[in-house]
Amino acid sequence: MGFGWKFFRFWQKPAPAAESRWEPLLARIAAIDPADDKIQPLIALIDAVRAHHVHDASSSAEALAGITRALPDHPAARATLCTALESLFIERKQVSLYVASGMLPQRGFFSEMARRISHRLLPDVVDTAYLKDLLAVIFHCRDDEIWVDAVDDAIWVDFFRAVLTEGDRKTEGEGEGEGKNAIEPPGNGAPPMAISELLEALRMLSYHISAIGLDPELVRVDPQLEEVESPFLAQNVEVVEYLDAYRAWWSDPSTPLESEAHLGVMLDQCKDVLHRVRSRATRRGTSLTLTLTLERLHQHLQRINKLLGLLRELHQSRAVPPLLPQAVAFFKRLVRAECRKNQVTDYWHTNVRLLSKRMTESAANTGEKYITATRREYFGMLGSAALGGVVIAIMAAFKIALSRQGMAPLTEALCFCLNYGIGFALIHTLGGTVATKQPAMTANAIAASIEETRGKARDLENLADTVVHTLRSQFAAVVGNLGLSIPMAILLSFAFAHITGYSFVDFEKADHLLADAHPLSGAPFYAAIAGVCLFLSGLIAAWYDNLTAYNRIPERLAQLRGPRRLFGEARMQRFTAYVEHNLGALAGNFFFGFLLGGATVIGVLFGLPLDIRHIAFSAAYVGYAAAAYDFTLPFTAIAIPAIGVLLIGFINLLVSFTLALYVAMRSRGINFEQGRTLIHLVLRRLALRPLNFVFPPRAEAAPAATESPSGTRNN
């Protein structure tokens, strides 16, 4: 007991002062002669703060805070760090850091990808005359941005304040005071280099915004930019006046900055135009060039507002310490940009996110047509799904017939692809619905609703209702597909046997079809592959919708003289209207057929176990197999494949919905923290009104977001 108490008291002894562990580092920094190397003190400091594990931000924060507390007792080290830090802003060129760091480049996508790959293999030459290059030297580990961003802003502010100002203490040869600024205050002639570089960066950014605002892609989407005075040109005039006024104020602090308010108005107008162009691009289509141009414009407007915020704070406080909180946030962003400037995956993800957002927005508009709320829409969905089930049963019969022809593997695969592609396109043309096509579309509509709600309680209630409507609509589509595909398969088998006297499917083929649907076979894995194909077909449909709008395909078709004379003006108008609203869906359905038919071919070519299982086709095949045995099979021989069909359908829907929802949310930058609340609201509705998940109540009205009187038949 005595030993244990002594051991406990040993660990309770106060630890030595944390600042003492930093004495060797600060002594080493103090011994560095700034005249020899002004950057080495900062490199040594960052190397000491950097934790062994990049995600161990607490260790980095503790180290930086400990060094900050120790600095007052080491004035020589503080002076060395202050000299090194000030030299960055006195002796180095900074404009490129403020203007280019973290911005999407003006060069093309593939040119930038090639540049990043080549610079990862062979880094560029470091030019110490530029602060942009020196920042990469100081934070030389590519993961430095992780811990730099994780350390709290207040800790960074305390550190920079401790380095750049001397506290309210008396040192040798000095009196007590409020502190000494690293940058001389206004009223001392021309602005110092640090301020001059900020002003020059503002001028460069303004020129870039003017050039981007006159890009032909923007003018094509928004012709108003040519008809009225462009705010992108007007803001440049205001920026130049502001810079002149700011320099005059620095020389004479009594001079007012009258142009600041006008500049803010012009920048707000630039933002309004940006939002207007983005909104119109969702209707008129976009391109990779336009998408990147809009993102670059957004980044430049953000950066110019960030620099204006720093100058505004300096104008109000007339000292450096008060603007440190804004400067630290900007510093973190710049460190992140420099650490990631050669990251290939980062640039790829940025561009994919921008394009996928445009594509998923198109899919979201289509997805609203698959969400029913009223009984009329619900029965319309049942009818369109039943029509789809009939066509799928016929497609399954063609597939079985084609497999008997003994064609070459490639020819047979092409025939399968055409069978699927033409069949799915026919379903859409006739107004039918394929149940598995819904999730990829409805997921995007739900993601768009999530983006609009942003966690608001009232909107979450409406979103929970939308989820219930979606699940109910999906149930109706599945019931419609299966309810007709199986009976239609049986009817076709009996009709073939009655006409020819032979069974449409022999016993060997029937056993094979039943085995394919067995839940313990490879059916779940193949169903997941089909789910991926469903997701990809949704992206393809959205891509062609965007392509139709961007290239103005309907308008170009309408102006063709030959077809107009041949078919007449009225028919051509109806045809172009149909193309405008259905070309994407037709392309998505057609290519979905090729994805399904080509999966097996890819597996054969590469020696991979690839195949597909689709719920509606599997159900039809079970119907053909049951008819082949004239319904004499034992109950378990049919029940187990039936369970397999339901499992295939569940995996089809789950995979396609999950992928579509993930891409849609990532493209919108959504981190949906209210997921638990939404799930709770949906489960509460399930407990109180479970029948609402399979059948709409009598008096439920359709919400505005999901109204589509005739859209329930669109595929």
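Within the stretch 23-52, restricting attention to residues that are aliphatic (A, V, I, L, M) and touching a Pro at 6+ places or on another chain (Cβ under 9 Å), the residue that is nearest to CYS141 (Cα to Cα) is ILE29. Does the stretch 632-655 contain at least one residue that is touching a Phe, Trp or Tyr at 6+ places or on another chain (Cβ under 7 Å) and either among the small types (Gly, Ala, Ser) or closer than 18 Å to LEU491 by Cα (or both)? No, the stretch 632-655 contains no residue that is touching a Phe, Trp or Tyr at 6+ places or on another chain (Cβ under 7 Å) and either among the small types (Gly, Ala, Ser) or closer than 18 Å to LEU491 by Cα (or both).
Exactly one residue out of VAL237, VAL221 is free of Cβ contacts under 8 Å to residues at least 40 places away in the same chain and among the hydrophobic types (A, V, I, L, M, F, W, C): that is VAL237.
Within the stretch 522-545, the set of residues being more than 15 Å from PHE617 (Cβ to Cβ) and over 21 Å from the mean Cα position of the chain (by Cα) comprises GLY522, PRO524, PHE525, ALA528. Candidates in the stretch 185-222 are the residues that are farther than 30 Å from THR282 by Cβ and exposed (fewer than 15 other Cβ atoms within 10 Å of the Cβ); of these, the one that is modelled with the highest pLDDT is ALA190.
Scanning the stretch 115-147 for residues that are closer than 23 Å to ARG50 by Cβ and among the small types (Gly, Ala, Ser) turns up just one, ALA136.
Filter the stretch 256-291 down to the residues that are part of a loop (DSSP other than H, G, I, E, B) and surrounded by 15 or more Cβ atoms within 10 Å (Cβ to Cβ) and list them by number. If the condition is that a residue be part of a loop (DSSP other than H, G, I, E, B) and surrounded by 15 or more Cβ atoms within 10 Å (Cβ to Cβ), then LEU257, GLY285, THR286, SER287 are the ones that fit. Just one of the listed residues (ALA530, ALA570) is of a type in the set (Gly, Ala, Ser), without any contact (Cβ under 8 Å) to a residue 60 or more places away in the chain and either assigned by TED's automatic domain parsing to the domain that holds LEU647 or in a helix (DSSP H, G or I) (or both), and it is ALA570. Among residues of the stretch 114-128 being within 26 Å of ASP149 (Cα to Cα) and not β-branched (Val, Ile, Thr), the one that is nearest to the chain's Cα centre (by Cα) is ARG116.
Of all residues in the stretch 624-635, those that are part of a helix (DSSP H, G or I) have Cβ atoms under 8 Å from Cβ atoms of residues that are of a type in the set (Phe, Trp, Tyr), 6 or more apart or on another chain, in TYR624/PHE504; ALA627/PHE494; ALA627/PHE504; ALA628/PHE504; ALA628/PHE507.
The residue pairs whose first member lies in the stretch 305-319 and is at positive phi, whose second member is surrounded by fewer than 15 Cβ atoms within 10 Å (Cβ to Cβ) and not in a helix (DSSP H, G or I), and whose beta carbons are closer than 8 Å, counting only pairs six or more residues apart or on different chains, are ARG318/PRO185; ARG318/PRO253. Looking across the stretch 39-79 at every residue that is in contact with a Ser or Thr (Cβ under 6 Å, 6 or more places away or on another chain) and under 18 Å from ASP152 (Cβ atoms), the one that is surrounded by the most Cβ atoms within 10 Å (Cβ to Cβ) is identified as VAL49. Kindly check whether there is at least one residue in the stretch 475-488 that is in the same structural domain as ILE394 (by TED's automatic domain parsing), surrounded by fewer than 22 Cβ atoms within 10 Å (Cβ to Cβ) and under 16 Å from THR632 (Cα atoms). Checked against the condition, which is being in the same structural domain as ILE394 (by TED's automatic domain parsing), surrounded by fewer than 22 Cβ atoms within 10 Å (Cβ to Cβ) and under 16 Å from THR632 (Cα atoms), the stretch 475-488 yields no hits at all.
The condition (being in the same structural domain as GLY644 (by TED's automatic domain parsing), surrounded by fewer than 23 Cβ atoms within 10 Å (Cβ to Cβ) and part of a loop (DSSP other than H, G, I, E, B)) is satisfied by just one residue among PHE525, PHE494, PHE504: PHE504.
Applying the set (1) assigned to a helix (DSSP H, G or I); (2) under 16 Å from ALA136 (Cα atoms) to LEU81 leaves exactly one unmet item: (2).
I'd like to know if the stretch 508-517 contains one or more residues that are buried (at least 22 other Cβ atoms within 10 Å of the Cβ), assigned to a loop (DSSP other than H, G, I, E, B), in contact (Cβ under 8 Å) with a residue 24 or more places away in the chain and more than 37 Å from the chain's Cα centre (by Cα). The answer is no, given that none of the residues of the stretch 508-517 is buried (at least 22 other Cβ atoms within 10 Å of the Cβ), assigned to a loop (DSSP other than H, G, I, E, B), in contact (Cβ under 8 Å) with a residue 24 or more places away in the chain and more than 37 Å from the chain's Cα centre (by Cα). Residues of the stretch 337-378 that are of a type in the set (D, E, K, R) and either over 30 Å from ALA114 (Cα atoms) or modelled with pLDDT of 65 or more (or both): GLU338, ARG340, LYS341, ASP346, ARG353, GLU368, LYS369, ARG375, ARG376, GLU377. Criterion first (in the same structural domain as ILE394 (by TED's automatic domain parsing), touching a residue at least 12 places away in the same chain (Cβ under 8 Å) and more than 29 Å from LEU290 (Cβ to Cβ)) does ALA585 satisfy it? So ALA585 does not fit the description; no.
The values are calculated or read from the model by the stated rules, or taken from the named source; none is laboratory data. What you see is a predicted model, and the numbers here were worked out from it, not measured in a lab. Every residue, glycine as well, gets a Cβ built from its backbone with ideal geometry; the counts of neighbours run over all protein chains shown.
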